[in-house]
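Asks: I'd like to ask some things about the structure below.
The values are calculated or read from the model by the stated rules, or taken from the named source; none is laboratory data. Computed from a prediction, not measured in an experiment: that's the story for all the values here. For neighbour counting, all protein chains shown are included, and Cβ atoms are generated from backbone atoms with ideal geometry for every residue, glycine included.
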Amino acid sequence: MFHKQNKAELFTPGFILVLHTFGRDLKWNPHIHALISEGGAGNHTVWRPCTHFDFRFLRNSFRKVLLDQLTNKIGKSFCKVKNEMYSKHAEGFYVRAKPNHCKPDVTIKYISRYLGRPVIATSRIDAYDGDNVTFHYTRHEDNQTITECIPALDFIKRLIVHIPEKHFKMLRYYGIYAKHHKQESKLHKCI
């Protein structure tokens, strides 16, 4: 998307990505929260703003890059799954993207919520009777509050499946936000 703006400049945006493995119901639901710069640094231009994001392009390019990377890592055995994903997700993978209508401090507060966020906030745990845990969440589909009461061991299982392996990085920086980016000294002047 950024490279299409000017192929000679090769504009590079910045990405901060946070991996979450859980949904509101505590079940396995891997997804990525991304903060993307509204512009990029070029070979000659220090900064060029980007005012429009093509969400169809984002959906399709996210699907292509992710499936290609998985194919490279897993090998030919992944090809069948890859073809199924292209058929099942003909419009690309789901991307929920909102235009930025807020100030930088609001954006920073929003993304920082996701950096060290626990699987469940204690305020969502309603009761524990020694055997069962009762908790609630708001369902995305219809904004309805759902209350679940499950055995304590099942509750613990739902939590521990989301504990990452030692040294696993849940937060990644890419592009101009990556450490040692070639434009770093020029970008400091922009700020």
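Asks: Among (1) more than 30 Å from Arg139 (Cβ to Cβ); (2) polar (S, T, N, Q); (3) exposed (fewer than 11 other Cβ atoms within 10 Å of the Cβ); (4) at pLDDT 90 or above, where does Thr51 come up short?
Replies: (4)
Asks: Name, by its number, the condition in (1) surrounded by fewer than 14 Cβ atoms within 10 Å (Cβ to Cβ); (2) in contact (Cβ under 8 Å) with a residue 24 or more places away in the chain; (3) outside the structural domain of Gly39 (by TED's automatic domain parsing); (4) under 15 Å from the mean Cα position of the chain (by Cα) that does not hold for Glu91.
Replies: The number of the failed condition is (4).
Asks: In the range 38-50, is there at least one residue being acidic (Asp, Glu), under 23 Å from Tyr173 (Cβ atoms) and touching a residue at least 60 places away in the same chain (Cβ under 8 Å)? Spell out the reasoning first.
Replies: The initial filter retains those residues of the range 38-50 that are acidic (Asp, Glu), namely 38.
Add one more test, that the residue is under 23 Å from Tyr173 (Cβ atoms), and what stays is 38.
Imposing the further condition that a residue be touching a residue at least 60 places away in the same chain (Cβ under 8 Å) reduces the set to 38.
Yes; the residues of the range 38-50 include at least one that is acidic (Asp, Glu), under 23 Å from Tyr173 (Cβ atoms) and touching a residue at least 60 places away in the same chain (Cβ under 8 Å).
Asks: List pairs: first in the range 163-191 and of a type outside the set (Asp, Glu), second modelled with pLDDT under 65, Cβ under 7 Å, 6+ apart or cross-chain?
Replies: Ile176/Gln183; Ile176/Leu187
Asks: From Leu26, Leu58, which residue is outside any strand (DSSP E or B), under 30 Å from Ile120 (Cβ atoms) and in contact with a helix residue (DSSP H, G or I) (Cβ under 9 Å, 6 or more places away or on another chain)? Explain how you work it out, then say what you get.
Replies: Values: Leu58 fails: in contact with a helix residue (DSSP H, G or I) (Cβ under 9 Å, 6 or more places away or on another chain).
So the residue among Leu26, Leu58 that is outside any strand (DSSP E or B), under 30 Å from Ile120 (Cβ atoms) and in contact with a helix residue (DSSP H, G or I) (Cβ under 9 Å, 6 or more places away or on another chain) is Leu26.
Asks: Out of Leu66, Leu17, Leu26, report the one residue that is within 20 Å of the chain's Cα centre (by Cα), surrounded by fewer than 16 Cβ atoms within 10 Å (Cβ to Cβ) and at pLDDT 85 or above. Don't jump to the end; show me each part of the working.
Replies: Numbers: Leu17 fails: surrounded by fewer than 16 Cβ atoms within 10 Å (Cβ to Cβ); Leu26 fails: surrounded by fewer than 16 Cβ atoms within 10 Å (Cβ to Cβ).
Answer to the check: Leu66.
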